[in-house]
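> Submitted below is the structure of interest, expressed as structure tokens.
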Amino acid sequence: MQQLIYWLIHIACILGIVLVMVLYLILAERKIMGYMQARIGPNRVGPLGLLQTVADGIKFLHKEMIYPERADLFLFILAPMISLICAFVVWSVVPFADGWVLADVDAGALLVLALTSLGSYGLLLGGWASNSQYAFFGAIRSMAQVISYEIAMGFSLVPVLMLSGSMNLSTIVVAQSGNLLTWNFLPLFPVFIVYLIASVAETNRAPFDITEGESEIVAGYQVEYSGFIFAMFFIAEYANMIFVSTLASLFFLGGWLSPFQGIPMLDTLFSWVPSIFWLLVKVILFLYLFIWVRATFPRYRYDKLMMIGWKICIPVSLIWIFVVSLLMLGGVL
Amino acid sequence: MDFCGIFTDVRGSAVNIYIALAGLIITVVIAVIIKNQWVGRVTLYELIKGLWVTQSTALSPKATIQFPEENLPVSPRFRGLLALRRYPNGEERCIGCKLCEATCPALAITIETAPRDDGSRRTTRFDIDMFKCINCGLCEQSCPVDSIVLTPEQHYTVNDRGLNILTKDKLLKIGEITEDRLAKDRANIHKGDG
């Protein structure tokens, strides 16, 4: 019983943090994109526009939900729920600091990969159940893209698992401890880049957002959605974004490890900083990169996108698996 | 297989940098082998150049005008809301010559005139339909006494049907409110630097 209450509190904490982060990630995205386009961005609701997303959420709640006449209503409503649930469940295996993890699963990395792939069922079902051409095209594109980049993403994580010799996320982080140079991003730099590209594609973000492609297929799989059920897709997308960033920092940037670890003076100077702070800093770094990339690059053409996935990302990560195994055999890594 | 035994158990030392460099070089070599034009892409050089463009824009001053508080500068010749002016002694300028009514291409002006008690000819009705008015400024050009003018005021609106007709009282009132600006602008335009 006590254990159950502890779990519930833990879950509530994680959900609360993730939802608040989603709230302010949306605002931060609009602000940063604004700044990069020489504008100011939303600044009217609340001080500095901090309540803008709250106001948007209330607007979504008040809006009428419109269901297409010929839609498969059950799947139509189920789809955003699948997206949202998968986007939240993955957080259960994420270690926020040493021992701060809800489910210390040994195959955590596998579970994460499985759940992120399952989340794309939401997009597929949403596009299919809408019974609309644009939504259907969006779903097809989304599937093709997710399948292609899932491979690249999986392969790019293999060297990480090889180096740490474990699929437990906490162990992966601990295996990187030492100093800044022992984090995985240095020996696995090409794979790190491949992972970043694949994660942008996995979350259907610009420049890989052909799923939405508003200039061609209006809004893709979510074209028929309105009101709060649209907001669910929206929240799921941003929660996924935060999750993928967290995963990148766990796998490649040493998770909660302090960047000053192993440096004689600074190590003791910053020892009072809670380790979750360093994780947060790294996650924010990646989130900024995501927004920055979205503000910079135009959307890739469909065939180019596939070309990058199959002809660059997958070969590079495959080759790097061999390089890493050779280096491990040679005792360098 | 200890073919480079000197590096054994050096995970955590600067050797990683050499490994990363080797990785970069191998990536570049692969890129060259596959296709030459991909070098820029695969080394992400072109992408980083693009990222720098947006980042430097983000750090530069913003072009936003925060509208209700700030306004764009308006030219003194801007043709906005219409107004009727008065002389400095308070006498209305309009002499009811109806030249503006005649020249108005949109037929927005309706004028009726009658002699006043002192014998001078004055308008009894001077209506401008703001729905018809195209703000061309021909009435201002045709006016021999500089009575009807276009003010630089652009933020005006009507909330009810019928309010689109600006009567003589309203036009004179607008003229009184904007007289300072009008007089200054016209003096400057006359000097040639407006």
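The values are calculated or read from the model by the stated rules, or taken from the named source; none is laboratory data. On a predicted model such as this, the values are computed, not experimentally measured, just so you know. All Cβ positions, glycine included, derive from the backbone under ideal geometry; neighbour counts span all protein chains shown. The accessibility values were calculated without ligands, DNA or RNA, using every heavy atom of the protein model including side chains. Shrake-Rupley method; radii C 1.70, N 1.55, O 1.52, S 1.80 Å.
> Just read off the accessible area of residue B:123 with the full protein assembly in place, 1.4 Å probe, to the nearest 10 Å².
10
> What do you reckon, how do A:277, A:185, A:208, A:228 stack up by accessible area (1.4 Å probe), largest on top? Don't jump to the answer; show the numbers that get you there.
Working: A:277 95, A:185 45, A:208 15, A:228 70 Å².
The ordering from most to least exposed comes out as A:277, A:228, A:185, A:208.
> Now, a different point. Which of the lysines could a cross-linker span from residue B:173 if the Cα-Cα distance has to be under 26 Å and same-chain partners fewer than 8 positions apart are dropped?
Counting by Cα, and skipping residues close in sequence, residue B:173 has these lysines nearby: B:98, B:132, B:184.
> For peptide B:54-65, how many partner chain Cβ atoms fall within 10 Å of a residue's Cβ, on average? Please list the in-between numbers first.
Details: counts 12, 5, 1, 6, 10, 2, 3, 1, 7, 4, 7, 1.
Per-residue shielding by partner chains comes out at 5.
> Suppose every K and R has +1 on its Cβ and every D and E has -1 on its Cβ; what is the size of the dipole of the stretch A:68-329 about the Cα centre, in Debye to the nearest 20? If you can, show how the numbers build up before the last one.
Details: 9 positive and 15 negative charges, 100 e Å.
That gives the stretch A:68-329 a dipole magnitude of about 480 debye.
> Tell me the label-point distance for the pair residue A:276, residue B:59, using the 7 Å Cα-to-Cβ offset, in nm and rounded to one decimal.
3.3
> Next question, about the same structure. Which value results when the Cα radius of gyration for the protein assembly as shown is divided by 2.2 N^0.38 Å?
Working: Rg = 33.3 Å, N = 527, 2.2 N^0.38 = 23.8 Å.
It is 1.40.
> In Å², and per residue, what accessible area does the protein assembly as shown have when probed at 1.4 Å with the other protein chains present?
Numbers: 26900 Å² over 527 residues.
Accessible area per residue: 51 Å².
> Excluding residue A:168 itself, calculate the net charge of residues whose Cβ lies under 10 Å from the Cβ of residue A:168, where each Lys or Arg counts +1 and each Asp or Glu counts -1.
Details: positive: none; negative: A:104, A:106.
Spelling it out: positives minus negatives among the neighbours equals -2.
> Return the carbon/sulfur percentage of the accessible area of the protein assembly as shown, one whole number, probe 1.4 Å, all protein chains in place.
Numbers: 18000 of 26900 Å².
Accessible surface attributable to carbon and sulfur in the protein assembly as shown totals 67 percent.
> Quickly rank A:131-144, B:159-172 as a protection proxy: mean count of other C-beta atoms within 10 Å, highest first.
Numbers: A:131-144: 20.1, B:159-172: 13.6.
The peptides rank, most packed first, as A:131-144, B:159-172.
> Can you give me the C-alpha center-to-center distance between the stretch A:55-77 and the stretch A:87-114, rounded to a whole angstrom?
One Cα centre to the other: 31 Å.
> How large is the Kirkwood hydrodynamic radius of the stretch A:68-329, counting all unique pairs of alpha carbons, in Å? Provide the component values of the computation, followed by the final result.
Details: mean 1/r = 0.0524 Å⁻¹.
Evaluated over the stretch A:68-329, this radius sits at 19.1 Å.
> Mind checking how much accessible area B and A bury in total, 1.4 Å probe, in Å² rounded to 100? If you can, show how the numbers build up before the last one.
Details: alone 13900 and 16240 Å², together 26900 Å².
So the total buried area for this chain pair works out to about 3200 Å².
> Let me ask something else about it. Just add up the charged neighbours of residue B:110: K/R +1, D/E -1, any other residue whose Cβ is under 11 Å from the Cβ of residue B:110. Display every interim value, and only then the final one.
Working: positive: B:98, B:125, B:132, B:168; negative: B:101, B:112, B:127, B:129.
Spelling it out: positives minus negatives among the neighbours equals 0.
> Within straight cross-link reach of residue B:62, meaning Cα distance under 27 Å, which lysines are found once same-chain residues fewer than 8 apart are removed?
Candidates past the 8-residue exclusion: A:31, B:49.
> Let me ask something else. Between Rg and the Kirkwood Rh of the stretch A:132-206, both from Cα atoms, what is the Rg to Rh ratio? If you can, show how the numbers build up before the last one.
Numbers: Rg = 15.8 Å, Rh = 13.9 Å.
Rg/Rh for the stretch A:132-206 comes to 1.13.
> With the cut-off at 22 Å, report for the stretch B:108-194 the share of all Cα pairs above it, as a whole percent.
Details: 1228 of 3741 pairs.
Tail fraction, whole percent: 33.
> Here's a follow-up. Partner chain Cβ atoms within 10 Å, averaged over the residues of A:40-47 - can you pull that number for me? Before the final figure, lay out the partial values.
Numbers: counts 5, 2, 0, 2, 1, 0, 0, 0.
Across the residues of A:40-47, the mean count of other-chain Cβ atoms within 10 Å is 1.
> Report the FRET efficiency, 1/(1 + (r/R0)^6), for residue A:288 and residue A:54, where r is their Cβ-Cβ distance and R0 is 22 Å, rounded to 0.05.
Working: r = 22 Å, r/R0 = 1.01.
For R0 = 22 Å, the calculated efficiency reads 0.50.
> By average Cβ neighbour count within 10 Å, what is the ranking of A:251-258, A:89-96 from highest down?
Values: A:251-258: 25.5, A:89-96: 21.1.
Ranking the peptides A:251-258, A:89-96 by packing returns A:251-258, A:89-96.
> What is the sum of charges around residue B:80, taking Lys and Arg as +1, Asp and Glu as -1, for the other residues whose C-beta is under 12 Å from the C-beta of residue B:80?
Details: positive: B:77, B:79, B:181; negative: B:140, B:153, B:185.
Net charge around residue B:80: 0.
> When only alpha-carbon atoms count, how far does the stretch A:1-62 stretch along each of its three principal axes, as whole angstroms with the largest first?
Its Cα atoms span 54, 27, 18 Å along the three principal axes.
> On a straight-distance basis, which lysines could pair with residue A:311 in a cross-link, Cα separation under 21 angstrom, same-chain partners fewer than 8 positions away excluded?
The qualifying lysines are B:35.
> Per residue of A:285-292, count partner chain C-beta atoms within 10 Å of its C-beta, then hand back the mean as an integer. Working shown, then result.
Numbers: counts 0, 0, 0, 0, 1, 0, 1, 4.
The shielding value for this peptide is 1.
> Given A:272, A:80, A:289, which one lies farthest toward the positive end of the charge dipole of chain A, if we put +1 on the Cβ of every Lys and Arg and -1 on the Cβ of every Asp and Glu?
Of the options given, the answer is A:289.
> For q values of 0.10, 0.17, 0.21 Å⁻¹, compute log₁₀ I(q)/I(0) with the Debye formula on a Cα-only model of the stretch A:203-323, without solvent.
Calculated log10 I(q)/I(0) at the listed q: -0.48, -1.03, -1.23.
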